[in-house]
1. Looking at 229, 202, which one is at pLDDT below 95, part of a loop (DSSP other than H, G, I, E, B) and closer than 22 Å to residue 265 by Cβ?
2. Confirm whether residue 223 is at pLDDT 75 or above and under 19 Å from residue 64 (Cβ atoms).
3. Please enumerate the residues belonging to region 150-188 that are surrounded by fewer than 14 Cβ atoms within 10 Å (Cβ to Cβ) and closer than 21 Å to residue 130 by Cα.
4. Return yes when residue 111 is surrounded by 21 or more Cβ atoms within 10 Å (Cβ to Cβ), without any contact (Cβ under 8 Å) to a residue 60 or more places away in the chain and touching a helix residue (DSSP H, G or I) at 6+ places or on another chain (Cβ under 8 Å) and no when it is not.
5. Are there any helices (runs of 4 or more DSSP H) wholly within region 1-88 with 2 or more residues that are at pLDDT 90 or above and closer than 24 Å to residue 102 by Cβ, and if so which?
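The values are calculated or read from the model by the stated rules, or taken from the named source; none is laboratory data. Quick caveat: nothing in here was measured; it's all calculated off a predicted structure. Counting neighbours? That spans all protein chains shown, and the Cβs are built from the backbone with ideal geometry, glycine included.
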């Protein structure tokens, strides 16, 4: 990825150890979903990738809107703890904002493998004791579940909202995504929830080769799955209505005009008693 010749002014949310002259996929994503935590170099890469993949920004915005709706719904059901794995930069309007606005005693733990996202997140959450972020690998469930940051805020004896938004489509079939999810959900008590969004199988966007070349070092190959395959990842849980659908169609707000053509599937399920 191309580096800027000079460093832009460094805001307070960008800690000194983070390189802000080279594009970051976490900040590119933040730009696409309408965030404010990015720089010109990130926007340049975002525009280049989107030129070859025009539906991607809208799809990611629909994914974030789905996540907000899911957290609101689960907060209304009484869930006060959320573990968001693959969170990206926990900027404005993310899980902690939604959960805390619903119930001030909520707790949120963000986990991401990208050190840039984590560094920015720590700066953003420095004054928020009810939320934290740390670096972790989705594949290392024990490390995430037993981490000091997790244990400091999450009580696994009470219901937890486990969020796996736009992350499982980086897990190939050979790595058994169902078993991977199960290593997390087996720790959750009845009344807990599982939130998943995932690249849909019906529409496969293809980035322009030159953009894909720059993008390849930041993200893994996306595995496209259909409704049946995604529903299988909720094993042991009961899907809430309307089941697994395109993300914009999962309980849209009355003022929203959902685009059902966007290639992102989503679902939310509850762990039953017994």
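1. Working: 229 fails: part of a loop (DSSP other than H, G, I, E, B).
It is 202.
2. On the way: at pLDDT 75 or above: yes; under 19 Å from residue 64 (Cβ atoms): no.
So residue 223 does not fit the description; no.
3. Our first condition is that a residue be surrounded by fewer than 14 Cβ atoms within 10 Å (Cβ to Cβ); within region 150-188, this holds for 151-152, 155, 157, 172-176, 179, 186.
Within region 150-188, 151, 152, 155, 157 meet the criteria.
4. On the way: surrounded by 21 or more Cβ atoms within 10 Å (Cβ to Cβ): yes; without any contact (Cβ under 8 Å) to a residue 60 or more places away in the chain: yes; touching a helix residue (DSSP H, G or I) at 6+ places or on another chain (Cβ under 8 Å): yes.
Yes: the conditions hold for residue 111.
5. On the way: elements: 25-32, 40-52, 56-76.
Output list reads 56-76.
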